[in-house]
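Down below is the structure, laid out as structure tokens.
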Amino acid sequence: MNNVVFITGATSGFGRATARRFAEAGWSLVLTGRRHERLEALKEELSAKVPVHIATLDVRDAEAVKQVIAELPEGFRQVKSLVNNAGLALAPEPAQNVDLNDWHTMIDTNVTGLVNVTHALLPRLIETGKGASIISIGSVAGHWPYPGGHVYGATKAFVEQFSYNLRCDLLGTGVRVTDIAPGMAETEFTLVRTKGNQEASDKLYRGTTPLTAEDIAEQIFYVATLPDHININRLEVMPTRQAWSPFNIDRDK
Ligand SMILES: NC(=O)c1ccc[n+]([C@@H]2O[C@H](COP(=O)([O-])OP(=O)(O)OC[C@H]3O[C@@H](n4cnc5c(N)ncnc54)[C@H](OP(=O)(O)O)[C@@H]3O)[C@@H](O)[C@H]2O)c1
């Protein structure tokens, strides 16, 4: 029987590249996201290689998450790897200037959505046991503060701590837990963050060498296919051309 990977946010960026990477290695795919046409297109592309099940799903809806998992068809139920990838950043402005709804959307998606999926799939992953994994996409923003990071960074700090705490509870089950924390990567991430400003997105990535979605997919695949006895707790990956800045100081004018 094929290994099964369950990917949230498979319609774009890291999630879509991860679907392609696991398909290359012969895994069966459960692909989820809100944009149905994109899921259909990916299924069309990959189902010549491997079995593919798609489910249109908003991870914020706990009941819908439970239903999608309860209704997984034969051949897709024994999930070996969960890739908790669905997420977003909004409102790059300073905290005092942002819309509260944007904070709620980030918390609802990156925190509540991620725990909805994890909670619903835990029994299946524990049943799989040895070699199973929960791979959640955190961010360097969860570890390193920066202006405009406010709630986005805080949601990714949650991903890190939740992953460590899960490891404590899952000890003895064989299920591994990893927080993969990427730095700057060129996907639709900045287009979403700027609410559709293609120019701002292009400008951010221009003249440097960001990570690609395929780079992160490769790291996800690596973590999922390590020997059963190895658990990578946290994997922080940055482009070579990205690093930290000095502290900012408020000075008298
Ligand atoms: N790109 C970066 O620089 C970077 C760096 C560090 C971490 N990350 C994290 O990496 C993950 C993937 O981001 P990406 O860079 O690949 O961005 P992306 O290209 O915008 O992809 C985000 C994915 O999340 C899905 N998604 C968003 N809200 C959702 C919801 N409510 N329910 C279900 N799916 C939802 C989107 O699908 P639908 O819109 O179709 O639902 C899409 O497939 C995110 O968690 C992000 O925070 C990104």
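If you go through the stretch 7-23 and pick out every residue that is charged (D, E, K, R) and either in contact with a strand residue (DSSP E or B) (Cβ under 7 Å, 6 or more places away or on another chain) or farther than 25 Å from Gly183 by Cα (or both), you end up with 0.
Does the stretch 73-82 contain any residue that is without any contact (Cβ under 8 Å) to a residue 12 or more places away in the chain and within 24 Å of Phe22 (Cα to Cα)? Yes, the stretch 73-82 has at least one match.
Just for the stretch 18-53: of the residues that are within 19 Å of the chain's Cα centre (by Cα), more than 20 Å from Tyr222 (Cα to Cα) and part of a helix (DSSP H, G or I), which one is farthest from the ligand (Cβ to nearest atom)? Result: Leu42.
The requirement of being over 19 Å from Asn84 (Cα atoms) and of a type outside the set (D, E, K, R) is satisfied by Tyr205. Filtered by the rule that a residue be β-branched (Val, Ile, Thr) and in a helix (DSSP H, G or I), the stretch 191-208 gives a lone residue, Val192. Where residues in the stretch 213-253 are touching a Lys or Arg at 6+ places or on another chain (Cβ under 6 Å) and closer than 18 Å to Ala25 by Cβ, which of them is surrounded by the fewest Cβ atoms within 10 Å (Cβ to Cβ)? The residue in question is Asp228.
Filtering Arg241, Arg234 for residues that are closer than 18 Å to Gly153 by Cβ and either within 14 Å of the ligand (Cβ to nearest atom) or modelled with pLDDT under 95 (or both) leaves a single hit, Arg234.
The values are calculated or read from the model by the stated rules, or taken from the named source; none is laboratory data. Predicted model only: the values in this text are computed from it and were never measured. Note that each Cβ is placed from the backbone with ideal geometry, even for glycine, and that neighbours are counted across all protein chains shown.
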